[in-house]
Amino acid sequence: MASSIPVKEKKLMEVKVGELPGWILMRDFTPKGIAGAFQRGYYRYYNKYINVKEGGVAGISMVLVAYVLFNYCHSYKELTHERLHKYH
């Protein structure tokens, strides 16, 4: 059964594998479109994890984990170089 929703209006998780190339080509890759996507993602995250009545540490801890992983990946080359020279 064919879907009645146009491919352009589907969310990524609703797109079938065969429709994926067409869906990607219909996205807005202008600077304004990319900024809008980041803004929607930020507001979605904020409203789901931060702006809640009885919030926990989940939202803040996710940001902290992302920050730590980003910094580790960023400095991985220096860390391995330092570790290799430590034993020689």
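One table, with the values for the structure above:
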read-out: Student exercise, the chain dipole from Lys, Arg, Asp, Glu Cβ charges, in Debye to nearest 20; value: 80 debye
read-out: Volume per residue of the C-alpha convex hull in the range 9-57, rounded to whole Å³; value: 106 Å³
read-out: Cα-based Lys pair tally, the range 1-74, threshold under 29 Å, eight or more apart or on separate chains; value: 11
read-out: The chain: DSSP helices with Cα axial extent of at least 18 Å and average Kyte-Doolittle hydropathy no lower than 0.0; value: 58-74
read-out: Two-decimal log10 I(q)/I(0) for the chain, as the Debye equation yields it once each C-alpha is a single scatterer, q = 0.14 Å⁻¹; value: -0.83
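No lab work stands behind these numbers, since they all come straight from the coordinates. All values derive from a computational prediction rather than experimental measurement. FYI the Cβ positions are ideal-geometry reconstructions off the backbone, even for glycines, and counts take in every protein chain you see.
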